[in-house]
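Read the figures in this text as sums done on the coordinates, not as results from a lab. All values derive from a computational prediction rather than experimental measurement. Heads up, the Cβs are rebuilt from the backbone with ideal geometry, glycines too, and the neighbour counts pull from every protein chain shown.
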Amino acid sequence: MAEVQAGSFNIGEGGNWPWANGPRPIQKITIGYDYFISKEPITVTDWDECVKNKICEPLDGQNRGHDAALVSWEGTQTYISWLNNSTGKNFRLPSESEWEYAIKGPEPLPDSWFVINSGKGMQMTRKSYVNNFGLYPRLGMHGEWVEDCWNNSYSGIPLDGAPRVVGDCQKRTFRNRTGKDDFIYMVNGRSSFYKDIRGSNITFRIVHLK
């Protein structure tokens, strides 16, 4: 886990975003607490520990050491519940704000990765740039689930970094992916999927507060 210090940042992108579900309007978020977040997404190896305990469903066809992709949002909740019961800790998915703040880090990221950079396939973890929080942003890889219900814009997003639990809660938000043509993946990309269906190529990280 990487420690992320409290701070403020602007969530969103003010450029000429080409899709309707773009990251607008820009909002200033102030996260007034430190937290820990996975340095990289949960791996198939991690997931298999939950499978061995007959709690999680197997991720057929995925190699150990790779990101645990093709996981539904509800599947993440099953895994996190098992992990909390096993460790006595209080893990959850990051909020959309916590995710973006941690991924961006305290300094600007290099150019975003694209699908072509990842060979259009599953990749071993820790294969990309490391930011100053100690995270592997993994841009250009998979979408990543967050806790938030889906909303088309950042209007009304909690300004304290908390998950947004109003909106279309049958769909949940995932980050690091915006679909068009070759599925451009970038730090501002956001979309949604039904929470009970395994998303195509969506993985997740976990957080807990200090």
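Observations
- Gain in span if fully extended, Tyr194 to Asn53, counting 0.36 nm per residue against the direct Cα distance: 48.1 nm
- Extension gain for Asp168-Ser8 works out to 54.9 nm (0.36 nm per residue, less the C-alpha to C-alpha distance).
- Convex hull volume per residue for region 36-83, taking Cα atoms only, in Å³: 76 Å³
- Ranked packing of 4-12, 90-98, 25-33, 130-138, most packed first, by mean Cβ within 10 Å: 90-98, 130-138, 4-12, 25-33
- Violating pairs (Cα-Cα greater than 20 angstrom) within the set Lys39/Lys104; Lys28/Lys89; Lys39/Lys195; Lys28/Lys104; Lys104/Lys195: Lys28/Lys89; Lys39/Lys195; Lys104/Lys195
- For Phe193, nonlocal amide neighbours, meaning residues 5 or more places apart or on other chains whose placed amide H falls under 5 Å from its own, are Arg172, Phe174.
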